[in-house]
1. As a test question: what accessible area, to the nearest 10 Å², does Met1 have when a 1.4 Å probe is rolled over all protein chains in place?
2. Hey, of [x] 19.8; [y] 17.8; [z] 18.4, which did the structure itself give for Kirkwood radius over Cα pairs in Å when calculated?
3. In Å², and per residue, what accessible area does segment 1-118 have when probed at 1.4 Å with the other protein chains present?
4. Taking the Cβ of Ile9 as the center, what net charge do the other residues with Cβ under 14 Å away carry, scoring Lys and Arg +1 and Asp and Glu -1?
5. Could you give the size of the charge dipole of segment 86-215 about its Cα centre, using +1 on the Cβ of each K and R and -1 on the Cβ of each D and E, expressed in debye and rounded to the nearest 20?
6. Test of the criteria: in segment 39-103, which trypsin sites (Lys or Arg not before Pro) are in a DSSP loop and have at most 14 other Cβ atoms within 10 angstrom of their Cβ?
7. What part of the accessible area of the chain, given as a whole %, is carbon or sulfur when the probe is 1.4 angstrom?
Amino acid sequence: MQFDFASQIDWVAATAEFAEHRRLRLEKVLPGETIQALLKSAAQEVVYGQAFVDASGSREITLNEFRGLTPQQRQQLFNAVYGQAARGIGFWYGRHAIGKSSPGVVAAFLDWINSETVLNQIRRLDGADDVQGASGQLSRFMPGDFLTRHTDDVGEEGRRIAYVMNLSEDWHPDWGGLLQFFHLDGRPRDAWSPLFNSLCLFDVRQVHSVTCVAPFAPRPRLAISGWFRTRPRPA
């Protein structure tokens, strides 16, 4: 399986755009066979947990645990999650932390973004030489799933550049799931639909959200995301 940036990417123009806006979307990033293998694995092979925020903070349960809840317990959980989201805090989506137990092609993607080839490109893009590694997770946003407005700037984790590798084929923007950026005062800026085989890169201080996936979306929004950090790749 070949992991490599597409040859048509203009890195000079990309670097200039990132310097001006501190965010960038690259299109047709990976070879066709590779991106299709990632999509198949994300859709058919990966086991997702349910990630959310309630009054206790950020949590994750297995799908079996969620299915084992009574209707009353589920409603209580939804009320807690939506109560936080109404105040602008929270998320609800499927998550799989990429690690040694991940399917081979998914684990290979994380190996690739931690290669010196990719890390050096990110260092040049950011204009800094302290990026040492990257984390990664698969996300699955079903109808009704969301991620409220926030930044990814967590000082103790050394995050520098966030990335989103989009795996949603033929996604229609009316289905929601947009990567929405905001001014610091909350006014919306540009929004990016999860274009298949595109890689979004942005400064972790950028305020952003993932808009709620519409109830009529015919399939989930799939992506690999994480952060290039000033620390080595997580074990």
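1. 130 Å²
2. Read-out taken from this structure: [z].
3. Numbers: 6570 Å² over 118 residues.
With all protein chains present, segment 1-118 gives 56 Å² per residue.
4. Working: positive: Arg25, Lys28, Arg124; negative: Asp4, Asp10, Glu17, Glu27.
Result for the neighbourhood of Ile9: -1.
5. Details: 12 positive and 16 negative charges, 52 e Å.
With Lys and Arg at +1 and Asp and Glu at -1, about 240 debye.
6. Details: sites: Lys40, Arg59, Arg67, Arg74, Arg87, Arg95, Lys100; in loops: Arg87, Lys100.
Sites meeting the loop and neighbour criteria: Arg87, Lys100.
7. The C+S portion of the solvent-accessible surface of the chain is 51 percent.
The values are calculated or read from the model by the stated rules, or taken from the named source; none is laboratory data. Remember, predicted model here, so these are calculated numbers, not experimental data. Glycine also receives a Cβ, built like all others from the backbone with ideal geometry; neighbour counts cover every protein chain displayed. Remember, those area values only see protein heavy atoms, side chains included, never the ligands or the DNA or RNA. Shrake-Rupley method; radii C 1.70, N 1.55, O 1.52, S 1.80 Å.
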